[in-house]
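Shown next, in structure tokens, is the structure this report addresses.
Rule-based calculations on the coordinates, nothing more; no lab input. The model shown is predicted, which means the values in this text are computed figures rather than measured ones. Cβ placement follows ideal geometry from the backbone for every residue including glycine, while neighbour counts extend to all protein chains displayed.
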Amino acid sequence: MEDLPEEEKPGIPAWVVTFADLMSLLMCFFVLLLSFSEIDAQKFKQIAGELSQAFGVQRDVPALEIPQGTSPIFDKFSPAPPEPTVLDEVRQTTTTEAPELETLKSPEETAVAEAVQEQMDEHVDSLLAVLEQPVTEGRISVSQDQTRIVIRIEEKGSFPSGSADVTYDFEGLLLDMAPVLADMPGDIAIEGHTDDLPIRTSQFASNWNLSAARAAAVANVLLARQQLEAERVKVTGMADTGPRVPNTSAANRAKNRRVEIILDLAEHVEEEVIRLRELIKAAPGGEDGQLMEPTIEPVPAGNNSLTW
């Protein structure tokens, strides 16, 4: 009697073996590729950041490079003056160029300021009339600094180098200037200035001696004819302590070697301001704040009064 075949039992399909073999080969292949590859960490972070943002995760992604403009709108830029912001308060401001407070001036204050400035201009014009030629030649300059008139005398044509002897032409110019200064109010300060190069001669031991001697020489000429009161004059030697420009070149040192005649009208201007204000108050309508338009007439030099 023949044996019956064993009952067939269910098991793993035959194709699974082939599929597992294929997966093993693929895994080995990709491992081999990975071993030969190089990973860029920065690029990976950049891609990962983009993916996180794409899926709604917002993170700060650091820039790999500094952004640079490639198409500027303007090659040159000139800033415009800033527009003031309107504030609900009143402020007072001052600058080095305009040390006075920038406040609203009444018509009375404006008239006083114009009258004072007119007098200052008259004093400057009277000096320029005498000093026209040396001013044109660049040997002397006349300027106004607030309530002061500064007459700057360059060394060129005024003093020999390293000497305090006034030249003949400059002496005549100072004699012509003396009566003009005598007719003007205010104190007169004469300052001598030198450069930073030291000097040591039998006559001058230092720049202090030279600067003081030059200032004194100018004062002696101005007072020679006794037209100018000696009580109004003050002589100062500044040496190289007050340079106009840095002593970095021969041209700059020449500018620093000078004598300055400074006419200080601060006290006179203050008196004139007080006097003008009193005249404004006494004028018709002055008490009511409705001042009639005043007429300021220039007065001859030497007369400190004003005509209204």
**Message:** On a full-extension model of 0.36 nm per residue, what is the gain between V124 and E271, subtracting their alpha-carbon distance, rounded to one decimal in nm?
**Reply:** 51.0 nm
**Asked** With r defined as the distance between the Cβ atoms of T147 and Q226 and R0 fixed at 25 Å, what FRET efficiency is calculated, to the nearest 0.05?
**Response** 0.40
**Prompt:** What is the sum of charges around R214, taking Lys and Arg as +1, Asp and Glu as -1, for the other residues whose C-beta is under 14 Å from the C-beta of R214?
**Reply:** -4
**Request:** Please give the residues of the range 175-206, grouped as numeric ranges, whose backbone N is less than 19 Å from a label point set 7 Å along the Cα-to-Cβ vector of K156.
**Result:** 193-196
**Asked** Taking the Cα centre of the range 202-277 as the origin, how large is its charge dipole in debye, to the nearest 20, when only Lys and Arg (+1) and Asp and Glu (-1) carry charge on their Cβ atoms?
**Response** 460 debye
**Message:** What distance in nm separates the two pseudo spin-label positions at C28 and K234, each 7 Å out from Cα along the beta-carbon direction?
**Reply:** 10.7 nm
**Message:** Sorting check: for 162-173, 15-26, 211-222, which peptide has the highest mean count of neighbouring beta carbons within 10 Å, and how do the rest follow?
**Reply:** 211-222, 162-173, 15-26
**Item:** Computed lengthening from R244 to D21, 0.36 nm per intervening residue step minus Cα-Cα distance
**Value:** 70.6 nm
**Asked** In debye to the nearest 20, how big a dipole does the range 107-268 give about its Cα centre with +1 on each Lys and Arg Cβ and -1 on each Asp and Glu Cβ?
**Response** 1080 debye
**Request:** Note the per residue figure in Å³ for the convex hull of the C-alpha positions in the range 134-292.
**Result:** 148 Å³
**Request:** Please give, to one decimal in nm, the separation of the simple spin-label points placed at N252 and T136, each 7 Å out from Cα toward the Cβ.
**Result:** 3.3 nm
**Asked** Which one of L128, A189, N207 is farthest out on the positive end of the charge dipole of the range 107-268, using unit charges on Cβ (Lys, Arg +1; Asp, Glu -1) and the Cα centre as origin?
**Response** N207
